[in-house]
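First comes the structure, then the notes that go with it.
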Amino acid sequence: MKIKDIKVMIKEAMDENSVLLSKPNVLFEANYGRAKRKIEVEMVPFAMITAFRGDLSRRENIVNQGKLEEYVAGARFPWTKMPDSGTVEDPPPPEESAAEVEVDAAELAEDIEVGAEEEIEPVKEEPEGIEVKENSILIWEQTRPDKGERGELGLSLFELAKFLAKKYNQDSFIFGEPVKSERTGKQQMLIKLYDRLGNPIQQPWAGPWSTLTQVDDDDIFWSSIGSKRAKLTEMLEHYKGMKVKSRLDAMKKQHYLDAIKSALKLVKSERRSNSISDDKNA
């Protein structure tokens with residue numbers, strides 16, 4: 001069987017209303033192992049973000065991602081590339097596309113440098129409505145050996161993530177940092193989804209998590225931001241039928257039911273909004 005035939009079979013097997021979603025385990029194996037160790041063992045604060053959007057062409061996304069990485073480099077932060085990670089967005093109608101948020105980097109950090117735009121080979125423009133894979137990056141709260149200390153005026157990692165989310169019109173970003181447990185006094189990672197203003201998204205599918213593994217394995221989270229309604233409905237039926245043998249089981253079951261219902265409500269709201277937009281443009 002040829003590779004192209006396998007691709008066709010996979011495409012046909014997908015729900016036509018679903019959105020293809022890639023989890024961050026597409027990191028190269030060695031990089032993924034190092035990333036897990038940094039987060040789960042060394043507890044290095046990190047942010048996960050991308051400049052990709054579904055309403056832009058492939059070339060525009062590549063250019064913007066390059067600029068985002070230039071900002072990160074100029075701010076003297078190290079990062080790990082995560083090719084083909086994150087969500088894939090259904091592009092809105094042209095008039096619905098949000099304009100880039102005007103953010104002055106100088107207001108946040110005077111020492112951020114922006115390099116010259118890289119030359120990019122012409123790429124065939126993708127038709128409207130095609131699925132677009134993101135190229136997210138993990139940014140680390142560490143010092144780059146080749147850049148030295150960021151200094152007192154350096155931008156914090158969280159502020160940098162907010163700045164980039166605004167500049168590249170991202171609805172959210174992931175941020176994780178170690179926090180001390182009030183009960184045990186030990187440190188553990190707190191990883192959550194934040195909106196572009198830096199507010200934690202108060203949804204049961206938006207964290208918190210304590211490990212990269214948990215983020216990677218959280219089907220509710222990835223299905224929610226990927227608008228995978230069929231997958232969420234399947235999970236809802238599964239947890240509805242979950243047998244409860246203890247109070248802990250009952251609490252776990254209720255948590256998942258609440259999270260899935262919240263995610264489905266969001267997906268339904270988004271689709272209703274898109275439907276209204278389509279009717280207005282008809």
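The values are calculated or read from the model by the stated rules, or taken from the named source; none is laboratory data. No experiment lies behind these values; they were computed from the predicted model shown. Glycine gets a Cβ as well: all are built from the backbone with ideal geometry, and neighbour counts include every protein chain shown.
Summary of computed values
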quantity	calculated
Subset of region 230-282 (residues that are among the small types (G, A, S) and at pLDDT below 85)	S269, S273, S275, S277, A282
Leading residue by the ranking (nearest to G33 (Cα to Cα)) among those in region 165-222 that are aromatic (F, W, Y) and touching a residue at least 40 places away in the same chain (Cβ under 8 Å)	F175
Residue count for region 183-207, restricted to those that are over 21 Å from N169 (Cβ atoms), touching a strand residue (DSSP E or B) at 6+ places or on another chain (Cβ under 8 Å) and of a type in the set (A, V, I, L, M, F, W, C)	3
Filtered residue count, region 180-199, keeping only those that are more than 19 Å from F221 (Cβ to Cβ) and either of a type in the set (K, R) or not in a loop (DSSP other than H, G, I, E, B) (or both)	4
Pick from region 28-78, criterion closer than 11 Å to I139 by Cα and β-branched (V, I, T), ranking: surrounded by the most Cβ atoms within 10 Å (Cβ to Cβ)	I49
Meets criteria (under 12 Å from A263 (Cα atoms), hydroxyl-bearing (S, T, Y) and surrounded by 17 or more Cβ atoms within 10 Å (Cβ to Cβ)) for S210	no
Residue list for region 41-80, filter: of a type in the set (V, I, T), farther than 25 Å from W209 by Cβ and either more than 18 Å from the chain's Cα centre (by Cα) or at pLDDT 90 or above (or both)	V63
Meets criteria (farther than 23 Å from I39 by Cα, under 16 Å from the mean Cα position of the chain (by Cα) and either of a type in the set (D, E, K, R) or surrounded by fewer than 22 Cβ atoms within 10 Å (Cβ to Cβ) (or both)) for K162	no
Members of region 239-260 found to be outside any helix (DSSP H, G or I), surrounded by 12 or more Cβ atoms within 10 Å (Cβ to Cβ) and either out of contact with any helix residue (DSSP H, G or I) (no Cβ under 7 Å at 6 or more places or on another chain) or among the β-branched types (V, I, T) (or both), listed by number	V244
Unique residue being crowded, with 20+ Cβ neighbours inside 10 Å and at pLDDT 90 or above when the list is G176, G198	G176
Unmet criterion (only one of (1) under 25 Å from the mean Cα position of the chain (by Cα); (2) modelled with pLDDT of 85 or more) for D217	(2)
Positions within region 197-218 being more than 19 Å from E40 (Cα to Cα) and touching a Leu at 6+ places or on another chain (Cβ under 9 Å), in sequence order	P200, I201, Q203, W205
